[in-house]
Structures are given as structure tokens and as C-alpha cells.
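The values are calculated or read from the model by the stated rules, or taken from the named source; none is laboratory data. Keep in mind that what you see is a predicted model, and the values were worked out from it rather than measured. Neighbour counts are summed over all protein chains in view; Cβ atoms, including those assigned to glycine, are modelled from backbone coordinates with ideal geometry. All accessible areas refer to the heavy atoms of the entire protein, side chains included, with ligands and DNA or RNA removed. Shrake-Rupley method; radii C 1.70, N 1.55, O 1.52, S 1.80 Å.
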Amino acid sequence: MSNIQKQTDVILIGGGVMSATLGSLLKELAPEWEIKVFEKLANAGEESSNEWNNAGTGHSALCELNYTSEKSDGSIDISKAIKINEQFQVSLQFWSYLVNCKLIDNPHDFIMPLPHMSMVQGDQNVAFLKKRFEALSKNPLFQGMEYSDDPAKLMEWIPLIMQDRPSNDSIAATKIDYGTDVNFGALTRMLFDHLKTKNVDIKYKHSVDNVKRASDGSWELKVRNVDTGSVERHNAKFVFIGGGGGSLHLLQKSGIPEGKHIGGFPVSGYFMVCNNPEVVAQHHGKVYGKAKVGAPPMSVPHLDTRFIDNKKSLLFGPFAGFSPKFLKTGSMFDLITSVKPNNVLTMLAAGAKEMALTKYLIQQVMLSKEQRMEELREFIPNAKSEDWDLVVAGQRVQVIKDTAEGGKGTLQFGTEVVSASDGSIAALLGASPGASTAVHVMLEVINKCFPQRMKEWEPKIKEMIPSYGESLMENTELLHEIQTSTAETLGLSKKKELVYS
Ligand SMILES: Cc1cc2nc3c(=O)[nH]c(=O)nc-3n(C[C@H](O)[C@H](O)[C@H](O)COP(=O)(O)OP(=O)(O)OC[C@H]3O[C@@H](n4cnc5c(N)ncnc54)[C@H](O)[C@@H]3O)c2cc1C
């Protein structure tokens, strides 16, 4: 049985951190708007946003080496690191606003201060790290970063990594104390709990099976109750497709021209989780290494302290892998059914270009536990197999599109907002830097889809995000103010101690 329900202002598809963030922003900007959410699983934050499905790094380029590349003249390009750091400051400000307004109770339920470190081995990598440190530490966004190649200092910072390491290994690290571990699953659930109190209608176990344009320009959604199989039709003036890996199929169903010639390339992931509390206790920080030659940027190895369910854990990974599913709970037919007449050439071109990557991912999937342990031993030389278990992480779907620089079928590693020219529908594709920059990306959705409201909404946006529209790198006074206030509100107190030049 299908029936048309009354028209809603906004429908958010998917119960991940992106829909949660967009819903929370819109409820502050237009409290009178009616919002509905459809999530096909039983709870919010069960796919990529879940705490066990991602690495929980508050990405602000403090430790991720892939955000700073070496130019042909040997200098370090820090422009991407600056961009990502500024985007994370936007998230911190919005989360602080939610805490200050008592919309979120205890920030430590989702965010914890944690040193972010980069660690490299081998003379060439050590030279790169030193240059990176020199370039970043002069920048106000990265003040407080320390560098060391002194084994005694490194033993203080990363004892688990230094113990039993041959003394002739050249090794260096940088450390910055005000990094974060973010439990994006908890954050997502908190945001949806808050939205429920604001009368947002959240329907779990409801899958959106089709999205089509109605004659009045609004969008009609076919929504299936996954328990009963019954079908309802819902109508909205604005639809956000926040289905994570499920977004591409829904975007294709919408038929908007902006969604054509785009494909998706799934990359799965695994973490190793330490089950020995004595080992867990010996590490405190997120330590990012360098990606292996030929590895995609999202498989940079890192050894992370995590705070999940009020407990300290230790994770290593991610190991990449290949699966044709677009969601962890997706279907083996996801990849093949995403190939359409309008993107087949783009997909074929990418297939030809990315043979090496596909081969790499398949090899990664085939790794035995002992082979994965060998990779871990590059970080923890004396790691014991019995202390570590393998867990399956979330699924990412990288965007494939035709670009001027890369040509036909170019694989993208960032996130992309795809929206209709009239702003009535938008989808988020891709997964990196991901949840950390959710607030920045959802503001981009708002900007693209509601340009006529931006002037009216700007004062409220500035109240929530004081740096909105400003460059923090250039306005160091504002940067200092924001870093101090967000650190206090979110309990990330180390930032206060910084001295700004
Ligand atoms: C291994 C890994 C490590 C990562 N590490 C980090 C990190 O350290 N830091 C960071 O910031 N980001 C990280 N990310 C990225 C981050 O997890 C994602 O960018 C973010 O969670 C995406 O949120 P989302 O809301 O778009 O998608 P999701 O959280 O996947 O939510 C999408 C939701 O939509 C639902 N859905 C899909 N289709 C439909 C449909 N048709 N009808 C109804 N519901 C539907 C799904 O069930 C799901 O609940 C990582 C990702 C992975 C996979």
C-alpha cells in the first residue's frame, strides 16, 4: 500500500553524522521548518559514523602526513593542511556552541584531548618530517608543534614504539598536544537525541528506495518500512541525501544532471584492536606514519589511543581492502548497479587507470593475520599476535569523475557536495577528511541550496561559528580567542597554554 504523506520542508536521508549536523544547523537557522529523517538501520550512527567503523581522528592536519606534500623544489606544500585545520576549527566552534547552549551535556562523551604525532623511519623520511615541521611550526594554526629525533625524548613520547627497537634505526617524530579523539558515533546519537526534542520526526528501519521530482518541483520519496515491507510516499521541498556510501545510488535515481558522469569506487577497511590492557596503558596519542608506496592516502597506518564507552582502547590500521559493497551493510551488487550509461565510460577509464590500486586493495584483503602483525611491528617491534584482534571498519566510496587535470575517470580522495541548480536537493559523496569537517561541509550544502537565505542567517551562523567567513591563519587574535574558548568548553585545556607570536 502506498499513500502520499503531507509535504515536509526538509527530508534528511540517512542517520549518519552528516545528516545529524545538517539537521542541527537547520534547526538553529530555521526552527519553524519541519524536518523528517529516514534511516534504514535500527539506530543512528551505525555505518561509517560509528565509533568502531572509523578512526575517530579529529582531522586537523596536525599529524596526517598526506596533507603536506613535498614539491618538486623540495619545499613543503602546507596549503591543504591549513585548509583542513581551519575546517576543523569550524567543527570545534559549532560543537562548543551546542555545549554552551546545553544541547549537548558532557563534551567528553564525544571528544577527548589527545596528542597527535607523526612518526617516520629512514633518513629520507626523517628529512621530510623535519622540513614539514619547519614549515608548519611557523604557522599560527600549528603552534606548539615539537620535533625530535632524540631516542630518549621519543622514549618519553612513544614508549611502546621505542621499546625493543634496534638502536641503528633512524626515527623521528613530531608532537602536538592539542589533538583530539572524536567519538563520531556518540556525537551522531547525541545530535539526533537533541533533534528529537525539537520535534524532528526520525524514522529508523525506513529505507528510501526512490527519489523523484514531483510536478511542482518538490521531491517525492518512496520509503519502505524494512520490517513490514509497507511503502509510504513522502514529499519535501528540500532533500539531503546523506546516505554515506548509499548516496550515489539515490543521487542517480534523482536524475539531476549534476549527478551524471559520476561513479563510486569502494574501499573497505580493517583495524587491529589490542585486547591487552597492559599494552593499551603504555600508549597515549595518535601516531600517524607514512603510507606505503602505491597505497591510497586513506590507508596511512596509525596507532591510536581511542576513547570508546569511557574506556581507553588501542587501534592500529586501517588496512585497506576491496569489497563491491558501498555500505558495510550494503549489497554485493552495489558496485555493478552503480554503473549507468552516463558513467560507464568514466568508470571504465578509472578501471584502466586504477589497476594498480585495485591490485593493491585485493592484496591487502588477502593478508594473513601474521602479515598484518608484521606491519604493526613497524610501529610496535615486540607486538604479540595474541594481544591483537582484527575488526572490520566502515566502507568508503571514493568519487570517480572526469576532471580537467586528471582527465576521464579520475579517482578523488575528498568529499563532494553535488546539488541541483535550484538547490532543492543535495548529496554528499566521498569520505575524506570526513566526519571531522562535517560542519564545514554542511555549511557548504546550506550555502549552495539556500543562497537567498544566507544574508538573513549570517548573524546566527556567526553566533554559532565566530570564524565564519574569516581566515583564522590571518586573524591570529580571533584564532587565539577561538582556540581558548573551544578548548575550555570542550575540555581540551592544553590549548590555553600556547603563546601566540
Ligand atoms: C575506515 C574509516 C576510517 C575513517 N576515519 C576517519 C577519521 O579518523 N576521522 C574522520 O573525520 N573521518 C573518518 N572517516 C570518515 C567518516 O567516517 C565519514 O566521512 C562519515 O562518518 C560519513 O558520515 P555520513 O553521515 O555521510 O555517512 P554514514 O555514517 O555512513 O551514514 C549514512 C547513513 O545513511 C543510511 N542510508 C544509506 N542509504 C539509505 C537509504 N537508501 N535509506 C535510508 N537510509 C540510508 C545508512 O544506513 C547510514 O546510517 C573514516 C571512514 C572510514 C570508513
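Computed over every Cα-Cα pair of the chain and binned at 10 Å starting from 0, the pair-distance distribution P(r) comes out as 4, 19, 30, 27, 15, 4, 1, 0 percent.
Using only alpha carbons, segment 374-427 has a radius of gyration to Kirkwood radius ratio (Rg to Rh) of 1.28.
Calculate I(q)/I(0) for segment 227-289 by the Debye formula, one identical point scatterer on each C-alpha and no solvent, and give its log10 at q = 0.14, 0.16, 0.22, 0.24 Å⁻¹ to two decimals. The Debye formula, applied to the Cα set alone, gives -0.72, -0.78, -1.08, -1.19. Note that segment 28-37 has calculated 3J(HN,Hα) couplings of 7, 7, 9, x, 7, 6, 8, 10, 10, 10 Hz, one per residue in order, obtained from phi through the Karplus relation 6.51 cos²θ - 1.76 cosθ + 1.60 (θ = phi - 60°); glycine and proline are x.
Pairs over the 25 Å Cα-Cα cut-off, from the set Lys36/Lys222; Lys196/Lys311; Lys138/Lys312; Lys83/Lys328: Lys196/Lys311; Lys138/Lys312; Lys83/Lys328. For segment 179-188, 3J(HN,Hα) computed residue by residue from phi via the Karplus equation (6.51, -1.76, 1.60; θ = phi - 60°) reads x, 9, 10, 10, 8, 5, x, 4, 4, 4 Hz, glycine and proline entered as x. Fully extending the segment from Asn106 to Lys384 would add 96.5 nm, taking 0.36 nm per residue of separation and subtracting the current Cα-Cα distance. In this simple spin-label model, placing a label point 7 Å from the Cα along the Cα-to-Cβ direction at both Lys212 and Thr337 gives a separation of 1.7 nm. For segment 83-144, the ratio of Cα radius of gyration to the globular rule of thumb 2.2 N^0.38 Å stands at 1.55.
Taken over the alpha carbons of segment 110-263 as equal point scatterers, the Debye sum produces base-10 log I(q)/I(0) values at 0.10, 0.13, 0.17, 0.18 Å⁻¹ of -0.68, -0.80, -0.99, -1.07.
Between Phe413 and Thr358, the distance separating the two model label sites (each 7 Å from Cα on the Cα→Cβ line) works out to 2.1 nm.
Accessible area per residue for the chain, computed on protein heavy atoms with a 1.4 Å probe, is 41 Å².
Under the simplified labelling scheme, the Asp169-Tyr468 pair shows an inter-label distance of 4.8 nm, with each label point 7 Å from Cα along Cα→Cβ. Shape annotation for segment 1-104: C-alpha extents along the principal axes are 65, 33, 24 Å, from largest to smallest.
Remark: accessible surface ordering of Val226, Val300 (largest first) is Val226, Val300, probe radius 1.4 Å. Amide hydrogen proximity for Asn54: with H placed 1.01 Å from N in the peptide plane, the residues at 5 or more positions away or on another chain lying under 5 Å are Gly394.
When its C-alpha radius of gyration is set against 2.2 N^0.38 Å (N residues), segment 19-175 gives a value of 1.33. Placing a label point 7 Å from the Cα of Trp33 along the Cα-to-Cβ direction, none of the residues of segment 241-274 has a backbone N under 11 Å of that point. Working ranking of peptides 271-277, 40-46 by packing, defined as the average number of other Cβ atoms within 10 Å per residue, highest first, is 40-46, 271-277.
Taking Cα pairs under 8 Å and at least six residues apart, what relative contact order does segment 1-156 come out at, in percent? Contact order relative to length: 16 percent.
Across segment 376-501, the relative contact order, built from alpha-carbon pairs under 8 Å that are at least six residues apart, equals 12 percent.
Across segment 253-357, Cα-Cα distances exceeding 21 Å account for 53% of all pairs.
Residues of segment 41-65 with the amide nitrogen closer than 18 Å to a label point 7 Å from the Cα of Glu146, along Cα-to-Cβ, please. Within reach of a label on Glu146, which here means backbone N under 18 Å from a point 7 Å along Cα→Cβ, segment 41-65 contributes 62-63. Over 30 Å apart at the Cα level, from the set Lys292/Lys408; Lys286/Lys455; Lys353/Lys448; Lys290/Lys448, are Lys286/Lys455; Lys353/Lys448; Lys290/Lys448. Ordering Leu41, His234, Ser118 by the projection of their Cα atoms onto the charge dipole of the chain, which places +1 on the Cβ of Lys and Arg and -1 on the Cβ of Asp and Glu, puts His234 at the extreme positive end. Let's test the formula: R0 of 51 Å, r as the Cβ-Cβ distance of Asp201 and Lys369. What FRET efficiency results, to the nearest 0.05? For Asp201 and Lys369, the calculated efficiency is 0.65.
A Cβ-based charge dipole, computed about the Cα centre of segment 334-447 with Lys and Arg at +1 and Asp and Glu at -1, lands at about 300 debye. Please label the shape of segment 382-490 as rounded, prolate or oblate, based on the square roots a ≥ b ≥ c of the eigenvalues of the alpha-carbon gyration tensor (a/c under 1.5 means rounded; beyond that, a/b larger than b/c means prolate, else oblate). Cα axes put segment 382-490 in the oblate bin. Counting only Cβ charges, +1 for Lys and Arg and -1 for Asp and Glu, the dipole size of the chain around its Cα centre is about 1320 debye.
Let me test this: with uniform point scatterers at the alpha carbons of segment 430-494, what is the Debye-based log₁₀ I(q)/I(0) at q = 0.14, 0.20, 0.21 1/Å? After summing over all Cα pairs, the log10 values are -0.54, -0.99, -1.05. Segment Lys138..Lys455, full-extension length gain: 110.6 nm, with 0.36 nm per residue of separation and the alpha-carbon distance subtracted. Note on segment 129-215: percent of Cα-Cα distances in each 5 Å bin, starting at 0 and stopping at the bin with the largest distance, equals 3, 10, 13, 11, 10, 9, 7, 6, 7, 10, 8, 4, 1, 1, 0.
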